[in-house]
């Protein structure tokens with residue numbers, strides 16, 4: 001019924017702003033636009049945050065690495081946005097303690113000085129003060145860190161969050177502000193009037209219905225897919241982005257046996273690596289591998305997982321092995337396409353965003369990171385208003401709470417839903433059978449599946465197990481084990497038949513195989529999902 005309602009809304013005569021792409025940037029732009037009173041439509045070809053926006057390192061941060069590169073302005077802006085995210089999405093964004101283990105005294109001095117500057121740049125948005133800990137203090141806080149040669153550690157604070165769940169909550173907030181958002185709606189062409197972009201042609205990939213939608217300005221916020229939209233406008237358009245792959249592995253939390261996160265400041269190729277406690281597991285990453293192709297389901301190279309395991313082994317007391325990997329997932333960053341011939345260099349490219357008018361009526365936004373999504377959206381809507389000559393209204397999102405925003409009063413798992421926790425508990429009180437767990441090793445319940453179908457625009461088993469619940473990227477085999485139960489609950493909710501259930505389970509099993517680690521995969525090129 002919800003999808004039929006969305007279809008009816010799409011057929012409005014004309015929109016002020018049409019946004020292509022339902023990741024962090026597109027969703028943030030939809031929220032900003034709608035909160036200013038503009039008639040706003042967002043179209044996403046798959047599920048919200050299907051791509052890079054659900055595959056981050058789960059950090060809300062200013063960027064210690066960017067500080068080392070001297071990008072002070074980016075760090076300062078990001079630290080402010082980090083503070084706003086914690087305030088406006090208090091149920092999802094939390095202060096996190098990080099330790100940088102130091103094995104020589106020069107590192108102690110270097111990181112302490114650098115992080116004191118980081119604290120100072122945060123100003124009134126500070127999450128806490130950096131500090132030196134002795135060897136014994138470090139081992140007390142993080143027993144799993146390598147002890148041999150350890151001089152101590154530097155403690156600093158940043159943020160941790162659930163990326164896909166925040167994306168869903170931003171989508172809900174945008175709807176509450178009057179926006180129309182629809183997933184599984186793919187743009188097949190741009191509507192042109194001479195050299196002016198007037199709208200989009202779309203197809204609903206679930207129902208196969210097609211729509212012609214008109215708008216005063218179209219915003220291309222499709223991440224690594226931006227060039228495909230640009231080539232609809234101009235078939236001779238040069239590539240503007242090149243994907244860089246970031247891979248993460250997930251291990252049991254006992255490898256560090258700590259509530260704090262670990263920051264590895266110097267990997268074998270000069271980058272940084274994080275080991276973050278997340279959903280009762282340990283997430284370790286990431287890599288930065290330039291690719292020539294992009295996909296909705298990129299696959300990790302063995303050399304990338306080897307890189308993570310080898311660098312983690314240099315800092316963990318117990319060395320993780322391939323057999324310890326519970327899940328491996330990949331995301332693609334849209335970096336600026338190389339123009340100097342150095343096609344394999346990504347380390348020095350700024351992660352700041354790029355905003356441009358690609359054609360009359362077409363604006364492209366790319367780059368950036370989750371932490372700065374709100375600021376990117378503000379700049380994008382400001383430009384859209386100017387280009388389309390829409391009435392100007394100031395941005396409202398600095399003070400706008402995200403759906404579910406609520407400070408927890410206890411430590412129950414359902415707090416991740418914020419104020420929606422009460423509604424899920426009501427479902428269970430009305431039907432106690434919904435309290436059943438989907439898997440004995442995870443807290444997720446039948447009620448959450450029902451809630452996500454009714455209120456969070458979940459259309460497939462993958463939507464539930466990958467992005468509404470996060471099982472697929474935590475433990476792929478456990479996700480496969482849950483899939484039949486999830487499919488049965490969903491089928492009952494949407495009145496689907498047994499064939500739909502079986503197709504969903506089969507499709508999900510094929511997808512999830514790509515998240516299970518296989519030691520035999522030694523190809524030099526990434527294996528992409530069909």
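Here residue 75 passes the criteria (1) assigned by TED's automatic domain parsing to the domain that holds residue 148; (2) closer than 30 Å to residue 404 by Cα; (3) in contact with a helix residue (DSSP H, G or I) (Cβ under 6 Å, 6 or more places away or on another chain) except the one numbered (1).
Here residue 259 meets each of (1) surrounded by fewer than 23 Cβ atoms within 10 Å (Cβ to Cβ); (2) more than 26 Å from the chain's Cα centre (by Cα); (3) in contact (Cβ under 8 Å) with a residue 24 or more places away in the chain with one exception, condition (2).
Consider residue 332 carefully, then state whether it is in contact with a helix residue (DSSP H, G or I) (Cβ under 6 Å, 6 or more places away or on another chain), under 26 Å from residue 60 (Cβ atoms) and not assigned by TED's automatic domain parsing to the domain that holds residue 23. Against the criterion (in contact with a helix residue (DSSP H, G or I) (Cβ under 6 Å, 6 or more places away or on another chain), under 26 Å from residue 60 (Cβ atoms) and not assigned by TED's automatic domain parsing to the domain that holds residue 23), residue 332 qualifies.
Table: residues versus (1) in a loop (DSSP other than H, G, I, E, B); (2) in contact (Cβ under 8 Å) with a residue 12 or more places away in the chain; (3) out of contact with any helix residue (DSSP H, G or I) (no Cβ under 8 Å at 6 or more places or on another chain).
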position: 375; (1), (2), (3): no, yes, no
position: 379; (1), (2), (3): no, yes, yes
position: 403; (1), (2), (3): yes, yes, no
position: 409; (1), (2), (3): yes, no, yes
position: 418; (1), (2), (3): no, yes, no
position: 433; (1), (2), (3): no, yes, no
position: 439; (1), (2), (3): yes, yes, no
position: 452; (1), (2), (3): no, yes, no
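Screening residue 246 on (1) in contact with a strand residue (DSSP E or B) (Cβ under 7 Å, 6 or more places away or on another chain); (2) within 30 Å of residue 325 (Cβ to Cβ); (3) without any contact (Cβ under 8 Å) to a residue 24 or more places away in the chain shows it passes everything except condition (3).
Each row is one residue, and each column tells you yes or no for (1) surrounded by fewer than 17 Cβ atoms within 10 Å (Cβ to Cβ); (2) more than 32 Å from the chain's Cα centre (by Cα); (3) in contact (Cβ under 8 Å) with a residue 60 or more places away in the chain; (4) not in a strand (DSSP E or B).
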{"position": "84", "(1), (2), (3), (4)": "no, no, yes, yes"}
{"position": "95", "(1), (2), (3), (4)": "yes, no, yes, no"}
{"position": "98", "(1), (2), (3), (4)": "no, no, yes, no"}
{"position": "115", "(1), (2), (3), (4)": "no, no, no, yes"}
{"position": "120", "(1), (2), (3), (4)": "yes, no, no, yes"}
{"position": "127", "(1), (2), (3), (4)": "no, no, no, yes"}
{"position": "139", "(1), (2), (3), (4)": "no, no, no, yes"}
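Here 131, 135, 151 are screened, and the one residue that is at pLDDT 95 or above, touching a helix residue (DSSP H, G or I) at 6+ places or on another chain (Cβ under 7 Å) and surrounded by fewer than 17 Cβ atoms within 10 Å (Cβ to Cβ) is 151. Quick check: is even one residue across region 24-34 part of a helix (DSSP H, G or I) and surrounded by fewer than 24 Cβ atoms within 10 Å (Cβ to Cβ)? For region 24-34, residues part of a helix (DSSP H, G or I) and surrounded by fewer than 24 Cβ atoms within 10 Å (Cβ to Cβ): absent. Considering (1) farther than 18 Å from residue 165 by Cβ; (2) part of a helix (DSSP H, G or I), the lone condition that residue 465 does not fulfil carries the number (1).
Here's the yes/no breakdown for (1) part of a helix (DSSP H, G or I); (2) out of contact with any strand residue (DSSP E or B) (no Cβ under 9 Å at 6 or more places or on another chain); (3) in contact (Cβ under 8 Å) with a residue 12 or more places away in the chain; (4) farther than 21 Å from residue 423 by Cβ:
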residue: 442; (1), (2), (3), (4): no, yes, yes, no
residue: 447; (1), (2), (3), (4): yes, yes, yes, no
residue: 477; (1), (2), (3), (4): yes, no, yes, yes
residue: 482; (1), (2), (3), (4): yes, yes, yes, yes
residue: 486; (1), (2), (3), (4): yes, yes, yes, no
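The values are calculated or read from the model by the stated rules, or taken from the named source; none is laboratory data. What you see is a predicted model; the values in this text were computed from it and never measured. Cβ: placed from backbone, ideal geometry, glycine included. Neighbour counts: every protein chain shown.
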